[in-house]
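Q: Questions regarding the structure given below will be posed in turn.
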Amino acid sequence: MSRALAIRALVRIETGAYANVVLPPLLRESALSARDRAQVTEWVYGATRRQRTLDHVLRACVDRPIDKLDPPVRAALRLGAYQLLTGISPHAAVGETVSATGVVSPRAKGFVNAVLRKLAAAGPPWPLPTGDDVESIAIRASMPDWIVQRFVDDLGASDAAAMLAAVNEPGVVTLRVNPLRATTAEVEAELLAAGVIVTRGALVEDALLVTGTGDIRALACVRDGRATPQDQASQMVATLVGGASGERVLEVGAAPGGKSSAMAEAMDDHGVLVALDRHAGRTRLIAEGAARLQLRSVQPVVADGMELPFADGSFDRVLLDAPCSGLGVLRRRPEARWRLEARTVEQLAELQPRLLEAAARAVRPGGTLVYSVCTLTNAETVAVDEWAMQALPDFEAVAPPPAPWTPVGRGARLLPSAADTDGMYLLRLQRAHR
């Protein structure tokens, strides 16, 4: 039963699992059709994203605190509420969710039935705050107050509103075609023949946006390395690093390896692409991805980005894919908004310049240094650039990419609302010739 599976997934996510890790195996082990698997995915991701909004409307219908309920009961109520708020008929949203509750928590069926029937009678529209204060906006957008305040302070009211709307939409599944193994037209034709809906990217022309795929890893072109999942924003960062055939390129913070493999492909798999990460387990993902794509130039290395095991000036190009708050990819990581803490931004903002300083030492005279983060806070973007202007005097900024990127300081940021991509910041620097 699809709703029972969704409840199980929601319970595991709330207790610490990641949606993109816990859900695929549950779906693969089920007997659900491809259509039902897609529906479960939408419910699980949607209910996790909209958790604060759902809890707000449920509180008026529950005679006890939401956080005091048993996890399966809380998950069932959120799932039912999410269906109601997204337009599923009360008969199906209530009745089927109550039946699913009987599978995971039989004694709670009556309670869940009563609460969801009361909620169904209360709307639409359901009672949500209408004010322009941070708390009201955060309830409607289903965000912690601090994230809303940060977006407003750092992006301005208009871009913050667009950002909040964009990260509550499902992330588009995007493929990058491996040009060493196939053409974009060949992969596109294969997908269309298999009944997959395919459109071309607005930011990266050769990117393939796909729907109706089910498990993306089950596609033949992905299994055999002719294509790999990667958002357009990340694809463009790899392109803007600009690796050429025969060069030596380093990516710091490379796991799981999407940008590294993209750069290796652009280099015709000729040269050396060192993909460095401090976590051995995640570095194995880089090796597995490179093997699937049949890339020999990718060399995974386990090391600390602050203590690079290379002589100064060893690389033509260095990409620092710095650890960050990840506020630009909230639509793909639905649980992240509930786990991040405001202090994390400041902690990372102290680390990022130190990593950039270490990465800069690895760049040869005349070489390129790129700083990239999938977040948009000023502390992790323009403040790092301001630091670099003073601390790295032998590096000059390269012109930022054009629209839909927006220039910010010497770098540029890409809002998810601008091109239906992840949010990203990019700063390109060139070291002076000696």
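The values are calculated or read from the model by the stated rules, or taken from the named source; none is laboratory data. Since the structure is predicted, the reported quantities are computational estimates derived from the model, not experimental observations. For neighbour counting, all protein chains shown are included, and Cβ atoms are generated from backbone atoms with ideal geometry for every residue, glycine included.
Q: Does THR48 satisfy being crowded, with 16+ Cβ neighbours inside 10 Å and either within 23 Å of PRO125 (Cα to Cα) or at pLDDT below 95 (or both)?
A: Here the answer is yes, as THR48 does meet what is asked.
Q: Which residue is nearest to ALA238 (Cα to Cα), if the candidates are limited to region 200-212 and must be at pLDDT below 95 and surrounded by fewer than 14 Cβ atoms within 10 Å (Cβ to Cβ)?
A: GLU205
Q: Looking at ARG140, ARG150, ARG181, which one is among the basic types (Lys, Arg) and not in a helix (DSSP H, G or I)?
A: Numbers: ARG140 fails: not in a helix (DSSP H, G or I); ARG150 fails: not in a helix (DSSP H, G or I).
Of the residues listed, the single one that is among the basic types (Lys, Arg) and not in a helix (DSSP H, G or I) is ARG181.
Q: Of the residues in region 377-430, how many are among the polar types (S, T, N, Q), surrounded by 19 or more Cβ atoms within 10 Å (Cβ to Cβ) and under 15 Å from LEU320 (Cα atoms)?
A: 1
Q: Would you point out the residue of region 214-224, among those that are under 22 Å from the mean Cα position of the chain (by Cα) and assigned to a loop (DSSP other than H, G, I, E, B), that is nearest to SER260 (Cα to Cα)?
A: It comes out as LEU219.
Q: In region 150-160, how many are farther than 11 Å from LEU376 by Cβ and either surrounded by fewer than 17 Cβ atoms within 10 Å (Cβ to Cβ) or of a type in the set (Lys, Arg) (or both)? Talk me through it step by step, then tell me what you get.
A: Pass one, region 150-160, residues farther than 11 Å from LEU376 by Cβ: 152-153, 156-158.
Those left that are additionally either surrounded by fewer than 17 Cβ atoms within 10 Å (Cβ to Cβ) or of a type in the set (Lys, Arg) (or both): 153, 156-158.
The total comes to 4.
Q: Out of everything in region 309-367 that is basic (Lys, Arg) and not in a loop (DSSP other than H, G, I, E, B), what residue ends up being nearest to VAL241 (Cα to Cα)?
A: ARG317
Q: To continue, here is another question. Would you mind telling me which numbered condition in (1) assigned to a loop (DSSP other than H, G, I, E, B); (2) within 26 Å of ALA38 (Cα to Cα); (3) more than 24 Å from the chain's Cα centre (by Cα); (4) not basic (Lys, Arg) GLU190 fails?
A: Result: GLU190 fails condition (1) only.
Q: Among the residues of region 249-278, write down those that are basic (Lys, Arg) and either part of a loop (DSSP other than H, G, I, E, B) or surrounded by fewer than 17 Cβ atoms within 10 Å (Cβ to Cβ) (or both).
A: ARG278, the sole residue that qualifies.
Q: I'd like the full set of residues that are charged (D, E, K, R), within 17 Å of LEU356 (Cα to Cα) and in a loop (DSSP other than H, G, I, E, B), limited to region 381-434.
A: Of everything in region 381-434, those that are charged (D, E, K, R), within 17 Å of LEU356 (Cα to Cα) and in a loop (DSSP other than H, G, I, E, B) turn out to be ASP394, ARG410.
Q: Kindly establish whether VAL115 is crowded, with 17+ Cβ neighbours inside 10 Å and touching a helix residue (DSSP H, G or I) at 6+ places or on another chain (Cβ under 7 Å).
A: Numbers: crowded, with 17+ Cβ neighbours inside 10 Å: yes; touching a helix residue (DSSP H, G or I) at 6+ places or on another chain (Cβ under 7 Å): yes.
Spelling it out, VAL115 is indeed crowded, with 17+ Cβ neighbours inside 10 Å and touching a helix residue (DSSP H, G or I) at 6+ places or on another chain (Cβ under 7 Å).
Q: If you check VAL382, VAL373, which single one turns out to be at pLDDT 95 or above, closer than 22 Å to MET306 by Cβ and not charged (D, E, K, R)?
A: VAL373
Q: Hey, another quick one. For region 401-417, state whether one or more residues are of a type in the set (Ser, Thr, Tyr), touching a Phe, Trp or Tyr at 6+ places or on another chain (Cβ under 6 Å) and assigned by TED's automatic domain parsing to the domain that holds VAL252.
A: no
Q: Does region 17-45 hold any residues that are under 21 Å from the mean Cα position of the chain (by Cα), more than 18 Å from LEU330 (Cβ to Cβ) and either surrounded by fewer than 15 Cβ atoms within 10 Å (Cβ to Cβ) or acidic (Asp, Glu) (or both), and which are they?
A: Of everything in region 17-45, just one residue is under 21 Å from the mean Cα position of the chain (by Cα), more than 18 Å from LEU330 (Cβ to Cβ) and either surrounded by fewer than 15 Cβ atoms within 10 Å (Cβ to Cβ) or acidic (Asp, Glu) (or both), namely PRO25.
Q: Also, I was wondering about something else. How many of the residues making up region 394-433 are of a type outside the set (Gly, Ala, Ser) and closer than 14 Å to THR368 by Cα?
A: So the count comes out to 12.
Q: Here's something else I'd like to know. What number of residues in region 154-196 are among the β-branched types (Val, Ile, Thr) and either closer than 15 Å to ARG332 by Cβ or touching an Asp or Glu at 6+ places or on another chain (Cβ under 7 Å) (or both)? Before you say what the answer is, go through the steps one by one.
A: Pass one, region 154-196, residues among the β-branched types (Val, Ile, Thr): 167, 172-174, 177, 183-184, 187, 196.
In the following step, the residues that additionally are either closer than 15 Å to ARG332 by Cβ or touching an Asp or Glu at 6+ places or on another chain (Cβ under 7 Å) (or both) were identified as 167, 172-174, 177, 184.
Qualifying residue count for the region: 6.
Q: Additional query: For region 279-312, give me the residue count where each residue is in contact with a Pro (Cβ under 6 Å, 6 or more places away or on another chain) and crowded, with 16+ Cβ neighbours inside 10 Å.
A: Matching residues across region 279-312 total 3.
Q: Could you check, for region 77-88, whether at least one of its residues is among the aliphatic types (A, V, I, L, M), touching a residue at least 60 places away in the same chain (Cβ under 8 Å) and closer than 18 Å to ILE13 by Cα?
A: Yes, that holds for at least one residue.
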